[in-house]
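Please treat every number below as a calculation from the coordinates, not as lab data. Small disclaimer: the values here were computed from a predicted structure and weren't measured. We place every Cβ from the backbone using ideal geometry, glycine too, and count neighbours over all the protein chains shown.
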Amino acid sequence: MWQGIDKRRFPRANYRCQVSVIRKAQKESFSTQTENIGAGGICVILSKDLGKFCLLEISLYLQDGLPAVECDARVVWVVESKDKFDTGIEFVNIKKTDVLRIEKVVEECLKTSSNSFHNGRA
């Protein structure tokens, strides 16, 4: 496992939701699901290596029934695995209200997984 994962500033939760990723320079778009999410960014699996520091626009469709979180972002790491690219994306210029929404999602996920673990279901 990649060692940088434990050094994050924001907690991450395993959470799947739809995300649209647009590569700003080429106006190339990808639709995928998050692998995990935190207030600072997301991890997704893409079919193409976008390159470290690539600038993006993302639309993140949380499962809370509210409009998509839309913000700029940048690729901070890429790990290739079997012709797929595990890609770490950092949010840039994200609205404070959207950060709070994401924090709430993460908190709920972590609470649920913690309860499952402590109740012997993990």
Exercise for the section: Starting from the Cα of K48, draw a straight line to each of the aspartates and glutamates and keep only those under 17 Å, dropping any in the same chain fewer than 8 residues away. Expected result: E28, E35, E57, E80, D83, D86
Handout entry: For the stretch 10-118, the fraction of alpha-carbon pairs in successive 5 Å shells from zero, as %
Key = 2, 13, 24, 26, 17, 11, 5, 2, 0, 0
Problem - Of the trypsin sites (Lys or Arg not before Pro) in the stretch 13-113, those whose Cβ has at most 10 other Cβ within 10 Å and which sit in DSSP loop - result: K27, K82
Exercise for the section: Please identify every one of the chymotrypsin sites (Phe, Trp or Tyr not before Pro) in the stretch 1-102 that sits in a loop by DSSP and has no more than 13 other beta carbons within 10 Å of its own beta carbon. Expected result: W2, F53
